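*Asks:* Dropping a structure here in structure tokens format, bear with me for questions.
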Amino acid sequence: MADYLPHTPAEIDEMLAFLGMDSLEQLFAHIPPAVRLTQGLDLPEGMSEPDVAALFTNYTSANRATASEMTCFAGAGVYDHEVPAVVKTLAGRSEFVTAYTPYQPEVAQGVLQAIFEYQTLIARLSGLPIPNASLYDAATGLVEALNMAHGATTRQKMVISAGVHPHWREAAKTFARGTGHEIVEVPLKDGVTDWRIVDATNAAAIVASYPNYLGVLEDMSEAKALAVANDALFVLGADPVAAGVLKTAGQWGADIFVGEGQPFGTPLAFGGPFLGLFACTTEQTRRLPGRIVGETVDSNNRRSFVTTLRAREQDIRREKATSNVCTNQTLMAVTAAIQLGWLGTQGLREVATRCAQGAHYLFDELVKIDGVKAVSTQPFFREFAVHLGHDASAVLLTMANDGVLGGVSIAALTSGPDPSIDGDVDDVLLVTVTERRTKDEIDRYVEVLRKAIGQ
Amino acid sequence: MTSRALSGGRAASAPLMGHETEPTIFEMSVPGRSAYQLRTTGVPSTALADLIPATHLNGDVVNIAEVSERDLVAHFTRLSHRQFSVDLGMYPLGSCTMKYNPKFCDAVANDPGLNSVHPGSPAELTQGWLELLATLEEKLCAVTGMAAATLQPAAGAAGELTGLLLMRAYHSANGDPRRRILIPDSAHGTNPASVTLGGFEVTTVPSNDRGLVDLKKLKASLDPDVAGIMLTNPNTLGLFEEEITEIAAAVHEVGGLLYYDGANLNAILGAVRPGDMGFDIVHMNLHKTFATPHGGGGPGAGPVAVSQRLVEFLPGPKATRMDDGTFAWVKPPRSIGRVHGWHGNAMVLARALAYIDVHGGDGLTRVAKYAVLNANWLRHRLRATLPAAYDRVCMHECVLTATPLKNAYGVRGLDVAKALLEEGFHSPTVYFPLIVEEALMFEPTETESLQTLEALAEAVERIAQRAIDDPDALHRAPQTTPVSRVDEARAARHLIPTEDAASR
């Protein structure tokens with residue numbers, strides 16, 4: 001018997017007596033006997049914390065792709081960045097961790113102001129003035145962007161570059177089952193979206209990724225021009241770390257920015273909880289999904305913060321709401337604000353630059369290997385895809401034996417042929433380098449890959 | 001009872017610091033100051049301009065803030081002192097199940113063996129995670145009486161929409177597309193919002209004079225165009241839908257499906273399972289029932305469990321136990337596809353499994369019993385001050401009404417809620433459900449003690465006395481909190497969502 005319940009037997013008796021009852025069962029007497037569970041739940045008995053901790057070592061020890069066992073070169077939207085002790089300590093403060101949604105602003109100024117600072121940072125990184133307080137992740141953020149584009153144009157056609165992360169595209173298709181959106185994927189040629197072959201007439205949105213998921217830097221003016229020519233919204237999914245040095249979504253003329261905020265202080269965490277970044281132009285403010293915090297004053301005229309434009313939200317507008325989002329990812333947004341505070345202006349630029357330097361150094365070494373061929377000849381930022389001439393999933397397992405997590409196999413992301421890659425995807429590996437990778441680690445990567453493919 | 005000294009959940013002694021506002025981090029910024037430290041890598045520091053064409057560079061337009069580590073720590077620590085939390089005191093927020101979040105579950109999830117794993121790693125290298133997820137799925141199915149589950153949805157609302165897409169896929173596969181979803185008038189707002197996004201239309205079902213679904217009117221709404229019904233049981237009034245088997249039979253008879261909104265699952269753990277009541281789809285809010293911390297508004301997790309006939313449509317890929325004892329990612333044959341970028345909020349899922357393992361079947365059953373005991377004790381204790389909207393045995397929460405205070409002294413439910421903040425308690429949920437006037441929805445949860453409940457009741461009674469003595473003071477409450485009532489209308493009228501908008 002283990003739990004966190006304070007009730008003593010004497011107190012239970014006292015409380016029941018107050019209610020004129022003599023057993024806890026009486027509290028459930030109005031539930032129809034036909035559906036009552038008589039034999040208890042089919043679960044083991046409770047265990048003490050140390051016993052459960054021992055049980056969990058079965059899980060932790062069966063994971064081989066951990067930081068202590070492997071040097072991480074995997075990316076695909078999730079990056080192994082430095083998270084310093086100070087960020088872990090501050091973001092782990094229980095006032096942030098165990099708070100509820102800030103519906104009572106008088107006792108929630110801590111979370112509200114942190115979100116306000118987060119929103120300011122997202123607006124600056126995206127170059128767009130209206131951020132929200134976070135969404136679940138980038139994939140569901142894209143879905144919200146499509147819904148916003150539909151709201152703005154009343155159109156259903158969503159023209160999406162195959163350079164958008166395959167998982168984001170798949171999520172867009174899943175939710176289109178409900179909204180009825182028509183998803184049109186635009187293939188890549190040499191790693192660059194071939195916009196010329198698509199009919200964007202009546203499109204609600206033109207969607208691109210910067211860099212695209214293969215790491216390639218596409219000139220976004222073409223996508224923007226296509227959106228303008230067709231009165232569609234331009235939705236840009238962008239790497240927020242890139243914004244340290246590369247053009248922002250706003251600079252490219254985007255109407256909506258979505259991004260994955262994991263790189264700002266959140267561990268790899270097997271994919272979640274992450275952080276859906278979202279910002280848009282002022283024209284779309286009333287269609288913003290989820291919560292937004294605004295500045296105001298209290299009754300004593302002190303600067304205060306509060307969730308605002310609440311009339312858009314599900315608990316008030318119900319079936320006419322712009323989105324059903326309620327719980328979002330506030331703790332990750334607060335974490336991002338703290339991490340960005342730690343990095344500062346110079347730190348963010350330096351991290352972005354070092355990622356680019358490391359990735360280019362590794363790329364140059366890899367393409368020297370016989371049989372390794374770049375998927376694209378175009379410029380890239382911090383990530384790139386290469387043909388190995390061998391099954392990429394098998395190569396990853398071989399490299400793992402030498403303590404290197406060699407990347408992400410494209411086949412694992414796309415589950416089959418994909419318009420982003422011309423031909424077979426099975427030998428394509430996506431490789432990234434963050435500011436945490438040393439030259440020695442990168443050199444070792446090259447050596448381990450050579451060995452794995454017999455070169 | 002000397003509840004003042006004994007009340008563990010009453011936060012009136014919290015050292016919230018003074019009444020000065022905290023500057024923003026941007027106001028603290030000093031050009032040239034920095035906190036970051038990075039690894040020495042030895043990677044050639046080629047100029048960026050030599051790696052990336054100039055058309056892509058932004059000209060250093062993005063500015064963050066420039067602070068020292070010491071300033072950063074002071075700033076966010078001060079902000080944290082301006083924030084209520086479960087760790088600080090009682091949070092009787094109805095419908096939100098703000099129970100104590102065991103620290104052990106956080107520690108388990110934060111183990112590098114779990115949290116340093118990249119989600120795109122091959123399954124062969126992440127067998128521990130796959131086993132953990134498959135095990136959690138099995139245990140959630142045991143709790144709810146369902147056949148299989150997806151762990152991908154990131155929150156309750158995401159679970160709802162996933163459930164509705166499953167309904168759509170099921171009916172479409174039968175060549176029987178349907179348009180309407182029935183929802184009681186007491187439902188959570190996420191329900192109708194999700195229905196619209198699922199491509200359905202809402203038909204509202206009225207409650208009867210006992211606060212339950214009106215079975216006759218429900219039956220009158222049923223026809224072959226009804227795709228299903230979304231129910232919370234116990235409902236948002238904290239009352240158990242006693243005619244649930246009749247409701248299930250009627251909906252199933254016209255070919256509709258039953259969706260269980262698991263927001264109130266805490267009330268029925270080990271007492272009754274949604275599957276046994278006839279539900280086909282169940283979402284669970286792990287950040288409520290399974291005590292994962294709410295993070296100031298997320299992250300949550302909203303797994304969706306289904307009955308056998310819907311298993312083949314579940315989102316995927318799913319962590320699956322194979323015959324040889326290994327685990328693999330398997331996509332159900334007619335899967336609706338991904339509803340999350342990766343595998344769901346994995347760290348939240350790990351915490352929930354730890355919580356389930358500590359409690360076991362016996363502990364979870366006690367959780368529901370004591371949650372219901374606490375809610376009924378509070379309802380009964382406060383009946384002279386704030387009467388219950390429906391005064392009979394409730395489940396894990398009770399909806400009380402401030403109508404008597406309003407009629408006699410002009411003191412509204414919101415005033416009571418705000419005054420409670422001064423008393424060291426978080427407010428209950430106000431003005432929900434919509435069908436109760438001046439509603440104050442209290443959910444004490446099972447982790448609060450009798451002493452804390454008594455302290456809460458005494459605080460409510462003091463507020464009721466103040467309503468008689470000085471109602472105007474209550475309209476001005478709270479005054480002892482970091483800020484007093486904020487001007488919400490002004491925030492909406494003149495939107496300032498960022499520091500840059502503020503300075504314009």
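*Asks:* Taking the condition surrounded by fewer than 24 Cβ atoms within 10 Å (Cβ to Cβ) and either among the hydrophobic types (A, V, I, L, M, F, W, C) or in contact (Cβ under 8 Å) with a residue 40 or more places away in the chain (or both), does B:Asp185 pass?
*Replies:* Answer is yes for this residue.
*Asks:* Among the numbered criteria (1) within 7 Å of chain A (Cβ to nearest Cβ); (2) over 19 Å from the mean Cα position of the chain (by Cα), which one does B:Gly344 miss?
*Replies:* (2)
*Asks:* A:Ala85 - would you say it is without any contact (Cβ under 8 Å) to a residue 24 or more places away in the chain, more than 7 Å from chain B (Cβ to nearest Cβ) and either crowded, with 23+ Cβ neighbours inside 10 Å or farther than 26 Å from A:Val164 by Cα (or both)?
*Replies:* Taking the combined requirement at face value, the residue satisfies it.
*Asks:* Inspect all residues belonging to segment A:327-338 and state whether any of them is facing chain B (nearest Cβ under 8 Å) and among the small types (Gly, Ala, Ser).
*Replies:* Within segment A:327-338, the first condition is being facing chain B (nearest Cβ under 8 Å), and the residues that meet it are A:327-332, A:334, A:337-338.
Keeping just the survivors that are among the small types (Gly, Ala, Ser) gives A:337.
Looking through segment A:327-338, at least one residue is facing chain B (nearest Cβ under 8 Å) and among the small types (Gly, Ala, Ser).
*Asks:* Now for a separate question. I need every pair where a residue in segment B:124-142 that is more than 16 Å from B:Gln308 (Cα to Cα) has its Cβ under 8 Å from the Cβ of a residue that is part of a helix (DSSP H, G or I) and hydroxyl-bearing (Ser, Thr, Tyr), sequence separation at least 6 or different chains.
*Replies:* B:Gly128/A:Tyr59; B:Gly128/A:Thr60; B:Gly128/A:Ser61; B:Trp129/A:Tyr59; B:Glu131/A:Tyr59; B:Leu132/A:Tyr59
*Asks:* Please name all residue pairs, on different chains or six or more residues apart, with Cβ atoms under 6 Å, provided the first residue is in segment A:211-223 and is without any contact (Cβ under 8 Å) to a residue 40 or more places away in the chain and the second residue is part of a loop (DSSP other than H, G, I, E, B).
*Replies:* Here the result reads A:Met220/A:Trp252, each pair linking segment A:211-223 to a residue that is part of a loop (DSSP other than H, G, I, E, B).
*Asks:* Determine, yes or no, whether B:Gly302 is facing chain A (nearest Cβ under 7 Å), crowded, with 24+ Cβ neighbours inside 10 Å, touching a Leu at 6+ places or on another chain (Cβ under 9 Å) and not charged (D, E, K, R).
*Replies:* It is false that B:Gly302 is facing chain A (nearest Cβ under 7 Å), crowded, with 24+ Cβ neighbours inside 10 Å, touching a Leu at 6+ places or on another chain (Cβ under 9 Å) and not charged (D, E, K, R).
*Asks:* Let me ask something additional. Of all residues in segment B:265-298, which are farther than 19 Å from B:Thr150 by Cα and among the charged types (D, E, K, R)?
*Replies:* Listed by number, the list holds a single entry, B:Asp276.
*Asks:* What is the number of the single condition among (1) touching a Cys at 6+ places or on another chain (Cβ under 7 Å); (2) over 30 Å from B:Ala107 (Cα atoms); (3) among the small types (Gly, Ala, Ser) that B:Gly337 does not meet?
*Replies:* Failed condition: (1).
*Asks:* Additional query: Looking at A:Ala205, A:Ala176 in this structure, which one is outside any loop (DSSP other than H, G, I, E, B), within 14 Å of another protein chain (Cβ to nearest Cβ) and crowded, with 17+ Cβ neighbours inside 10 Å? Step through it out loud before you land on a result.
*Replies:* Working: A:Ala205 fails: within 14 Å of another protein chain (Cβ to nearest Cβ).
Matching residue, one of A:Ala205, A:Ala176: A:Ala176.
*Asks:* Among the residues in segment A:29-43, are any closer than 30 Å to A:Ile410 by Cβ, assigned to a loop (DSSP other than H, G, I, E, B) and more than 7 Å from every other protein chain (Cβ to nearest Cβ)?
*Replies:* Looking through segment A:29-43, none of the residues is closer than 30 Å to A:Ile410 by Cβ, assigned to a loop (DSSP other than H, G, I, E, B) and more than 7 Å from every other protein chain (Cβ to nearest Cβ).
*Asks:* Evaluate segment A:436-452: report whether one residue or more is free of Cβ contacts under 8 Å to residues at least 40 places away in the same chain and charged (D, E, K, R).
*Replies:* Going residue by residue through segment A:436-452, those that are free of Cβ contacts under 8 Å to residues at least 40 places away in the same chain are A:438, A:440, A:447.
Restricting the remaining residues to those that are charged (D, E, K, R) gives A:440, A:447.
Looking for residues that are free of Cβ contacts under 8 Å to residues at least 40 places away in the same chain and charged (D, E, K, R), one finds at least one in segment A:436-452, hence yes.
*Asks:* So, in segment B:172-214, how many residues would count as being assigned to a helix (DSSP H, G or I), β-branched (Val, Ile, Thr) and more than 10 Å from chain A (Cβ to nearest Cβ)?
*Replies:* Count: 0.
*Asks:* Scan the helices (runs of 4 or more DSSP H) fully inside segment B:55-150 and keep the ones with 2 or more residues being farther than 30 Å from B:Leu166 by Cα.
*Replies:* B:69-80, B:103-109, B:112-115
*Asks:* May I pose another question? In the list B:Ala47, B:Ala35, B:Ala65, which residue meets the criterion of being of a type in the set (Gly, Ala, Ser) and surrounded by fewer than 17 Cβ atoms within 10 Å (Cβ to Cβ)? Even if it seems obvious, please write down each step before you answer.
*Replies:* Working: B:Ala35 fails: surrounded by fewer than 17 Cβ atoms within 10 Å (Cβ to Cβ); B:Ala65 fails: surrounded by fewer than 17 Cβ atoms within 10 Å (Cβ to Cβ).
Matching residue, one of B:Ala47, B:Ala35, B:Ala65: B:Ala47.
*Asks:* I'm told B:Thr365 meets every condition in (1) crowded, with 24+ Cβ neighbours inside 10 Å; (2) facing another protein chain (nearest Cβ under 7 Å); (3) under 20 Å from B:Thr445 (Cα atoms) except one. Can you identify the failing condition by its number?
*Replies:* (1)
*Asks:* Next question, about the same structure. Which residue, of A:Ile130, A:Ile183, is in contact with a helix residue (DSSP H, G or I) (Cβ under 6 Å, 6 or more places away or on another chain), more than 9 Å from chain B (Cβ to nearest Cβ) and of a type in the set (A, V, I, L, M, F, W, C)?
*Replies:* A:Ile183
No lab work stands behind these numbers, since they all come straight from the coordinates. Please read these numbers as outputs of a predicted model, since none were measured by experiment. Neighbour counts run over all protein chains shown; Cβ positions are idealised from the backbone, glycine included.
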